[in-house]
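Structure first, then comments.
Throughout, read-outs are computed from the coordinates displayed, never taken from laboratory work. Everything numeric in this text was worked out from a predicted model, so none of it was measured. In this analysis, Cβ positions are derived from the backbone assuming ideal geometry, glycine residues included, and neighbour counts consider all displayed protein chains.
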Amino acid sequence: MTTTLFPYPVLETDPTLRLSNPTVEGQPAALLRREYHVDLSELADGWKDARINARVQVPVEELETMGVRQYEVVLTLHCGPTNLRSTVTLEPSGGERSGQWTGSLAVQGAMIRDHASIYATVTGTVGDVPYRWLGRSREVSVDLHAPRAFDTTGGQVPVIWRDFSKADERQNPIDSSLHDEMSFVDMSLPEGPVIYLNSRVPGLRRLLDMRTGRTRNERAVREAALDLVAMPAIVSMANVALAAAGPPETGGEAQWPDGDWQQDVLRGVLPLMYPDRDPDAALAVAVRALTSGEDAQDVQSRLLGAASRIVKATLHVRGVIRTLEEEE
C-alpha cells in the first residue's frame, strides 16, 4: 500500500495573525504602531527581551471540509540575516470549533540582526499523514532600525527579499523574463500589494539593506536605487486604486475605493496631481480622464510627477551628482 504525499488540499483562506500587548523587559512598550510591523528601532541600546501576545484565527470550516481533524498552529520568528528561527506552539482558545489559537512569542535582541519576520503556520493530519503543511499567515515585519518605508499618507507596503526564480507556498511565481530585474510589485494578493526585491541581483542586498558605516557616496547611490523601486510601486498602486474607484457600472461619479491601502495611496498622490482641487474633485477628474483617450496620458504624466515628489527623486539625484562632482 502506498500513501499519496503530493498533491493534497491546502487552505485557500490564509490564517489571520494579530499581535498585541508588546512588552520590553517586562514593561509595556509601543512596538505596534502600524499593522503588520513590529518597530524595535526606538528601543534603548542593550535591551534583551521583548514579548508579544499573538492570536491566530484559522478557517475551521474549510479544514473540516478538507477532512482535517487534527492540526496545530505554530508561531515563528525568523531572522533572515542570521537565518535563526524561534518557534512556539500556540494553544486553542475559545472552544473546539472557534478556530482561535493564542500564545506569546519572545523576541530576543541577541538573535536579531537588522530585520526579521513573524508568521503563523498551520500543519495537520491529511490522509493519515501527520504534520502536513496546510497554510501560513501573512508575515509581520520586525525591524531593529527605522525602515525605509514606501509611504503615501503613513501606510507602509511590505518589502520582502526573494529569489525571483523561485516561489514558496504563499508567493506567486514571477515571469521568467523578470528573473534578473531588481524589483517586482505583486498587486494580486487579497491582503494588499507587496514589493519584492531580487536576491539574485549581485550586490543589491548589500546596497539596500539597513546597515551603518556607509560613505556619503554609498548613501547617495542607495537613495537613488530605492527611488527606482518606490516610484513604479506607487504608480502601480495608484492605477489599481483609480480603477477600483469607478465609475460605477450604473453611472454616476467615482467613489473612494473600499480598501484602506487604496484610499491611502490616492489621498497621497491626488493632491500632488491636482493641487488646485479638493480630493473628491481630483478623484472624479482622474477617473474620468482614464477612460477618455488622450486625457489618460495626462493622468499618467501627473501620476509620475507625484510619485517622483513623494520619494524625493530629484533631491536624491542631486545628491549623487554632488558626490560625483566632489570626486573630480
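Could you give the size of the charge dipole of the chain about its Cα centre, using +1 on the Cβ of each K and R and -1 on the Cβ of each D and E, expressed in debye and rounded to the nearest 20? Working shown, then result.
Numbers: 33 positive and 46 negative charges, 189 e Å.
Its charge dipole is roughly 900 debye.
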**Q.** Candidates Gly80, Gly246, Gly26: whichever shows maximal mean-square fluctuation once the chain is modelled as a Gaussian network with Cα springs under 10 Å
**A.** Gly26
Q) Dimensions of segment 230-311 along principal axes (Cα, Å, largest first)? A) 37, 29, 22
Q. Residue-wise, which Karplus ³J(HN,Hα) couplings in Hz belong to segment 263-273, taking 6.51 cos²θ - 1.76 cosθ + 1.60, θ = phi - 60°, and x for glycine or proline?
A. 5, 4, 5, 5, 5, x, 8, 4, x, 7, 6
Q. Remind me, relative contact order of the chain in percent, using alpha carbon pairs under 8 angstrom and six or more residues apart?
A. 13
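Net charge around Ser199, counting only other residues with Cβ within less than 10 Å of its Cβ (Lys, Arg = +1; Asp, Glu = -1)? Could you put the intermediate results ahead of the total?
On the way: positive: Arg162, Lys166, Arg200, Arg205; negative: Asp163.
Around Ser199, the surrounding residues sum to +3.
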Q: Hey, can you grab everything whose amide H is under 5 Å from the amide H of Arg138? Only 5+ residues off in sequence or another chain; H modelled, so Pro and N-termini drop out.
A: Leu17
Q: Provide, in order from the shortest bin, the percent of all Cα-Cα pairs of segment 1-147 in each 5 Å bin, continuing until the bin that contains the maximum pair distance.
A: 2, 9, 19, 20, 17, 12, 9, 7, 3, 1, 0, 0
Q) Counting Lys and Arg as +1 and Asp and Glu as -1, each charge on the Cβ, what is the dipole of segment 1-147 about the Cα centre in debye, to the nearest 20? A) 100
Q | Gaussian network model of the chain, Cα within-10 Å springs - most flexible of Thr121, Thr13, Thr215 | A | Thr215
Q.
For the chain, take the longest principal axis of its alpha carbons; what is the angle in degrees between that and the long axis of helix 279-290, to the nearest 10 within 0 to 90?
A. 80
Q: Report the net charge of residues surrounding Pro15, where surrounding means a beta-carbon distance below 14 angstrom and charges are Lys +1, Arg +1, Asp -1, Glu -1.
A: -3
Q. In whole Hz, what ³J(HN,Hα) sequence does segment 159-174 give by Karplus (6.51, -1.76, 1.60; θ = phi - 60°), x for Gly and Pro?
A. 10, 10, 7, 7, 7, 5, 8, 10, 8, 8, 5, 9, 10, 6, x, 9
Q: Mind giving me the nanometre distance, one decimal, between the label points for Leu324 and Ala167, set 7 Å out from Cα along Cα→Cβ?
A: 3.8
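Segment 162-207: which GluC sites (Glu not before Pro) are DSSP loop and have at most 11 other beta-carbon atoms within 10 angstrom? Walk me through the numbers before you get to the answer.
Numbers: sites: Glu169, Glu181, Glu191; in loops: Glu169, Glu181, Glu191.
The qualifying sites are Glu169.
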Q) Taking springs between alpha-carbon atoms closer than 10 angstrom, which of Val285, Val74, Val129 fluctuates most in the Gaussian network model of the chain? A) Val129
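From the convex hull of the Cα coordinates of the chain, what is the mean projected area in square nanometres? If you can, show how the numbers build up before the last one.
Working: hull surface 91.3 nm².
That works out to 22.8 nm².
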Q: Loop only per DSSP, at most 16 neighbouring Cβ atoms within 10 Å: give me the GluC sites (Glu not before Pro) in segment 213-303, ordered by residue number.
A: Glu249, Glu253
